[in-house]
Amino acid sequence: MIENIKTGKNGFIDLFNKFRNFREGTLILIIVAVCVLMSFLSPYFMTWANWKAIFLSFSTEGIVVVGMTVMLVLGGIDLSVGAVMCLAMCIGGKLFLLGVNPWLASLIALAICAGIGYIQGLLVTKVGLVHFITTLAFMGIARGACFVITQGTPLSLFTLPQSFKFIGQGTIGPLPFVIIIFLVIVIVSDYMLRNSTVLRKVFYSGSNEKAAVFSGIRVSRVKIGVSVLCCTLSGLAGIIYMSRFGASTPGFGVGLEMTAISAAVIGGASLTGGEGTVFGSILGAALLSIITSSLILLDVSVYWQDLIKGCILLFAVSVDHIQHMRRQAG
Amino acid sequence: MKTKFKNMIAVLIMLALVATFALTGCAKEEAATPVAVAADSTDSPFVGDPSETYYMCVMVSGVEYWFPVYEMMKQAGQQLGVKTVYTGTPEYDVNKQLAVFEQILAKKPAGILLHPMNPDAFIEPINRAAEMGIPVVTFAADSPNSKRVSYITSDNVREGEFAADAIAADMGEKGEVAVLENPGQDNHDLRIKAFINRIETKYPDMEVVARAATNQDPNKAYQALMTIAQAHPNLGGVFMPEASSGMGAAQAAVELDTGIRVMCCDINAKVLDMIKAGEFFGAINPNQGTQGYYGMLMLYLAAHSEMIDPMNDWSQAGFNPMGMPFVDNGLAVVTAENADFFYWDKYLEKRGTKGINE
């Protein structure tokens, strides 16, 4: 009997240790801890309606986080994601108001975003500019273009057809369609980043660019491809927002780049490249959203919310980092 | 290799030249020219010199709030026979706005209608402008400890109170309400405090049950209202001091379908459309046009202060005799009945002008 209990206990500890050694394990434990604590503090936290709101709030941003994660793994950074997202929204909205079919307008907007990514990639690989400066410049260019297109005033897209509004507002069963799009993108990109040859090259290029070149990887192509992917995903998020809010606002997405970078870093991505998973980054985005929701439910003063959020995030990142160091040392 | 390098340098130089020309073209200031003035009216002190130029200086210059302000500043300038120019920094950055202000001063303008992003940062530049004989009138935000001549604004406290009264009246003066905030922006904080204070002092059967910071982000506003509605299922209304959050909150209210009244300050085309469709309870809009028109009049009078000699110590104390500490430009309550009058594009079309581009 005693032996059995011991075995059971050891089995649990083994399982716990295995889970902890899983790269995203610590972050999952932190999220679970926050959720358990919140379920005691607020009876409204563990309701489906609240979780739907949490999922909806980070699912569209989460699409941008996916692109940012791949970019960080490459060793780059994209400061233009918020502005490019807004540009897709403004181009799509303006074309729709000019009489273009909203689906075609969205495709054109996405193509332009992909084109911006391609130009960014060319500037990084052919001219030799760094990602930081290139995307910083495009952040200004894209945001400026938003103001030019909208003339500074939000475009009301009240007459968007229901079929198009379905992207942002529709549901399939109990699940909002936005969440389904988000889950598909996350599952596919996480799987590909871990297993596909194409996206594994991103890791090799981000870990050691010279070694990647010597091993025959066309790093320039990888860099251009990642820039295109990052901008296209940002554009897709913009189209979803356009459909969800029925408006194109030139100031939309300001600061989104910092949220996306924070989520990815919380999720284990390294700013120096070669490290990070889509799943981890999405957990980071989820943690940010859960904390925001919790602070509102607990009626925490608005003047304290940012401070508390910052402290919790610092704690989460520190614990995750220490665990990661231990795993590497072990 | 060398040829390739030279080609690259050549391409970069070309790009730089094109960018320089493009920027020079963009930076060219389009001054609104004065309308022709009748010859016999030139003796009137209310007719200025066509070479006099008055600037409007703002931050985040692409924001639509400024456009109706400038539209009427321009009109007042044309009627007075002087030039007006719309300028500012496109960014939310006080240093950039200070740099633009310095550039304006270097041109020795007749006066500046200024929206200072930060009150204290502008004290020294405004005081220097006063010493140079350039009057500064602040609008919508103030620098009270500076030597600005006057300050024109909507009464933010009244805006918050109006919103509270409108929601309370529709809720039968009882029930739960919430606010979505943008902490740190002075005029927004004033509106929120006034709303809460009004509910607490005038409506004993009403309660502000939740406050959330959404920082002008529709997505955050959406999540905040969805979350608040879980904790407070009887929520009857929500107020926010700006329109961007309003779009997200209204979307959440539509999806919740529990009859939450969404009310905000300021407007845009989307908010107006939602008000007309009954998805948005209403909005409080400052009279921007009045702000611009009277702002220009005060600037002109301050630049021509010889027109007045009031019975006070202005000459000894050295202040501008035209100075008025504070002017309230009033506000409008926008509902489904009058929303059509507040569309910027329709207004421009009606007036037949180019807005800020002249």
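A compact table of results
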read-out	value
Any hit, the stretch A:167-179, residues being of a type outside the set (A, V, I, L, M, F, W, C), within 19 Å of the chain's Cα centre (by Cα) and not in a helix (DSSP H, G or I)	yes
A:V130, sole failed condition from (1) loosely packed, with under 13 Cβ neighbours inside 10 Å; (2) over 23 Å from the mean Cα position of the chain (by Cα); (3) β-branched (V, I, T); (4) closer than 16 Å to A:D78 by Cβ	(2)
Condition check for B:D328: closer than 29 Å to B:A229 by Cα, in contact with an Asp or Glu (Cβ under 7 Å, 6 or more places away or on another chain) and among the acidic types (D, E)	no
Matching entry among B:E71, B:E124, B:E91 (being of a type in the set (D, E, K, R), part of a helix (DSSP H, G or I) and open to solvent by 10 Å² or more (accessible area, probe 1.4 Å))	B:E124
Count of the stretch A:157-167 residues which are open to solvent by less than 40 Å² (accessible area, probe 1.4 Å) and within 9 Å of chain B (Cβ to nearest Cβ)	1
Qualifying residue in the stretch A:13-23 (condition: farther than 30 Å from A:F252 by Cα, surrounded by fewer than 13 Cβ atoms within 10 Å (Cβ to Cβ), among the β-branched types (V, I, T) and at pLDDT below 85)	yes
Filter result for the condition that a residue is closer than 21 Å to B:A168 by Cα, without any contact (Cβ under 8 Å) to a residue 12 or more places away in the chain and of a type outside the set (G, A, S), over B:N285, B:N338, B:N312	B:N338
Flag if A:A212 is closer than 30 Å to B:K270 by Cα and open to solvent by less than 20 Å² (accessible area, probe 1.4 Å)	no
Members of the stretch B:323-347 found to be modelled with pLDDT of 85 or more, part of a loop (DSSP other than H, G, I, E, B) and open to solvent by less than 60 Å² (accessible area, probe 1.4 Å), listed by number	B:N329, B:G330, B:T335, B:A336, B:N338, B:Y343
Residue selected from the stretch A:147-156 under the condition open to solvent by less than 50 Å² (accessible area, probe 1.4 Å) and more than 8 Å from chain B (Cβ to nearest Cβ), by the criterion modelled with the highest pLDDT	A:I149
Some residue of the stretch B:224-244 being open to solvent by 60 Å² or more (accessible area, probe 1.4 Å) and touching a residue at least 40 places away in the same chain (Cβ under 8 Å)	yes
Cβ pairs under 7 Å, 6+ apart, first in the stretch A:289-311 and under 12 Å from B:A210 (Cα atoms), second among the basic types (K, R)	A:L295/A:K309; A:V302/B:R211
Filter result for A:V66 (under 29 Å from B:T227 (Cβ atoms), open to solvent by 20 Å² or more (accessible area, probe 1.4 Å) and assigned to a helix (DSSP H, G or I))	no
One residue from A:G253, A:G225 being open to solvent by 10 Å² or more (accessible area, probe 1.4 Å) and within 14 Å of another protein chain (Cβ to nearest Cβ)	A:G253
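The values are calculated or read from the model by the stated rules, or taken from the named source; none is laboratory data. Small disclaimer: the values here were computed from a predicted structure and weren't measured. With ideal geometry, Cβ positions are generated from the backbone for all residues, glycine too; neighbour counts draw on all protein chains shown. Note: areas computed on protein heavy atoms with side chains; ligands, DNA, RNA excluded. Shrake-Rupley method; radii C 1.70, N 1.55, O 1.52, S 1.80 Å.
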